[in-house]
Amino acid sequence: MTTRPPLPPFTDDTARQKVQAAEDAWNTRDPERVSLAYTEDSRWRNRDTFVTGRPAIVELLAAKWARELDYALRKELWAFDGDHIAVRFQYESHDAAGQWWRSYGNELWEFDENGLMTRREASINDVAIEEGERRIFGPRPEAERGVAFPLR
């Protein structure tokens, strides 16, 4: 059986570790790697799309990162309890036409006893920004880990 520490029940420290690990993985933009954090039958709601299982997760992420170019993400722990974590996040990317976007969202995560995510629900809103308004550039530098990001 695959385990993905830290394992639930989460503490403040282990919940923060789980959130940072997710941020780090998503910033690789590698759908296969990211999918390994989820159970084989993980259920997702991502915006208005519902998928189940790792192959569908890989397909969704591959399409996402083909569309959302130069994607860079920041996640922040919002709350946790037992085997659940709530996260707020922001990411920036641009489309093929060169329009930059900042996407704001919230995620609800549920984990199994092995630390794999069984359920992910993400609500996301996009705001058009000018390239000069960008503030998220690549993976988070070590010195910025655990630092809250501004709302706007």
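Each residue of the range 142-152 was assigned a 3J(HN,Hα) from its phi angle through the Karplus curve 6.51 cos²θ - 1.76 cosθ + 1.60 (θ = phi - 60°); the sequence is 3, 5, 9, 5, x, 8, 5, 9, x, 5, 10 Hz, with glycine and proline shown as x.
Residue by residue, the range 113-129 carries 3J(HN,Hα) couplings of 5, 8, x, 8, 7, 9, 8, 9, 10, 10, 10, 9, 10, 10, 10, 5, 10 Hz when phi is fed to the Karplus relation 6.51 cos²θ - 1.76 cosθ + 1.60 (θ = phi - 60°); x denotes Gly or Pro. In this Cβ point-charge picture (+1 for Lys and Arg, -1 for Asp and Glu), the range 61-152 has a dipole of about 220 debye about its Cα centre. Against the chain, whose longest principal axis comes from its Cα atoms, helix 54-67 is set at around 10 degrees.
If you roll a 1.4 Å probe over the heavy atoms of the protein chains, what accessible area per residue do you get for the chain, in Å²?
54 Å²
A simple charge model with +1 on the Cβ of Lys and Arg, -1 on the Cβ of Asp and Glu and nothing else charged puts the dipole of the range 1-137 at about 60 debye relative to its Cα centre.
Which whole-number percentage describes the relative contact order of the range 33-152, with Cα contacts under 8 Å and a sequence gap of 6 or more? Value for the range 33-152: 24 percent. Residue by residue, the range 70-83 carries 3J(HN,Hα) couplings of 6, 4, 9, 10, 10, 10, 9, 4, 9, 6, 8, 6, x, 10 Hz when phi is fed to the Karplus relation 6.51 cos²θ - 1.76 cosθ + 1.60 (θ = phi - 60°); x denotes Gly or Pro.
Shape class for the range 17-95, computed from the alpha carbon gyration tensor (a ≥ b ≥ c): oblate, with a/c not under 1.5 and a/b at or below b/c. Backbone amide hydrogens, once placed in the peptide plane, bring residue 119 within less than 5 Å of 43, 110, excluding anything fewer than 5 places away on its chain.
Which listed residue (72, 19, 36) has the Cα farthest towards the positive end of the charge dipole for the range 1-87, taking +1 on Lys and Arg C-beta and -1 on Asp and Glu C-beta about the Cα centre? The Cα lying farthest towards the positive end belongs to 72.
Within 10 Å, at most 13 other Cβ atoms, and a DSSP state outside H, G, I, E, B define an exposed site. Report the longest part of the chain free of exposed GluC sites (Glu not before Pro). Please report the intermediate quantities before stating the final value.
On the way: sites that count: 113, 130.
Here the longest run is 1-112.
Relative to the longest principal axis of the Cα atoms of the chain, the long axis of helix 12-26 makes an angle of roughly 50 degrees.
The values are calculated or read from the model by the stated rules, or taken from the named source; none is laboratory data. Source: prediction; values computed, not measured. Quick reminder, even Gly has a Cβ in these numbers, built from the backbone with ideal geometry, and neighbours come from all protein chains shown. Just so you know, the surface numbers come from the protein's heavy atoms only, side chains and all, with ligands and any DNA or RNA stripped out. Shrake-Rupley method; radii C 1.70, N 1.55, O 1.52, S 1.80 Å.
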